[in-house]
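Heads up: the structure comes next, in structure tokens.
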Amino acid sequence: MCVSCFIGRAKPDPAACGSVLAALGVEEGRAAFVAHGGGGERRASFGLVVLVSGLALRRGLRDQERVAALAGEADADLAGVEDLAALLAGPR
């Protein structure tokens, strides 16, 4: 487990994400970052960046303008995390 207060870095610092990947033994570019937004994930060398905007909008965590900006940085924008498995499975 990597906790920002223990490693001395936090998101959006790419080194924080790199510490997580290293702790998991995953090489850069072979991991997915899934969240309700924040930005900077591409700089952290994730191979796939997924925005779950439905949750962010429903809970008022982000407004429509911010979601649109974050969606432009993401590879995919999902209404909910329940849609993640289908995205990762790829086209059929």
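A quick yes/no check of all residues on (1) at pLDDT below 85; (2) among the aliphatic types (A, V, I, L, M); (3) within 22 Å of ARG9 (Cβ to Cβ); (4) loosely packed, with under 15 Cβ neighbours inside 10 Å:
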position: SER45; (1), (2), (3), (4): yes, no, yes, no
position: ARG62; (1), (2), (3), (4): yes, no, no, no
position: GLU65; (1), (2), (3), (4): no, no, no, yes
position: ALA76; (1), (2), (3), (4): no, yes, no, no
position: LEU88; (1), (2), (3), (4): no, yes, no, yes
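What number of residues in the range 23-43 are among the small types (Gly, Ala, Ser) and modelled with pLDDT of 80 or more?
Qualifying residue count, the range 23-43: 6.
Residue-by-condition table, conditions (1) on the phi < 0 side of the Ramachandran plot; (2) in contact with a Ser or Thr (Cβ under 9 Å, 6 or more places away or on another chain); (3) not hydroxyl-bearing (Ser, Thr, Tyr):
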site: VAL49; (1), (2), (3): yes, no, yes
site: SER53; (1), (2), (3): yes, no, no
site: ARG59; (1), (2), (3): yes, no, yes
site: ASP63; (1), (2), (3): yes, no, yes
site: ARG66; (1), (2), (3): yes, no, yes
site: ALA69; (1), (2), (3): yes, no, yes
site: GLU73; (1), (2), (3): yes, no, yes
site: LEU78; (1), (2), (3): yes, yes, yes
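In the range 6-28, which residues are of a type in the set (Phe, Trp, Tyr) and assigned to a loop (DSSP other than H, G, I, E, B)? Let's see the steps before the verdict.
Step one: list which residues in the range 6-28 are of a type in the set (Phe, Trp, Tyr), which gives 6.
Hits for the range 6-28: nothing passes.
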VAL20: passes all of (1) of a type outside the set (Phe, Trp, Tyr); (2) touching a helix residue (DSSP H, G or I) at 6+ places or on another chain (Cβ under 8 Å); (3) crowded, with 17+ Cβ neighbours inside 10 Å; (4) at pLDDT below 85 but (2)
Selection within the range 43-82 - outside any strand (DSSP E or B), touching a residue at least 24 places away in the same chain (Cβ under 8 Å) and of a type in the set (D, E, K, R): ARG43, ARG62, ARG66, GLU73, ASP75
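The values are calculated or read from the model by the stated rules, or taken from the named source; none is laboratory data. In this text, all values refer to a predicted model and were calculated from it rather than measured experimentally. Positions of Cβ are generated from backbone atoms using ideal geometry, with glycine treated the same way; all protein chains shown enter the neighbour counts.
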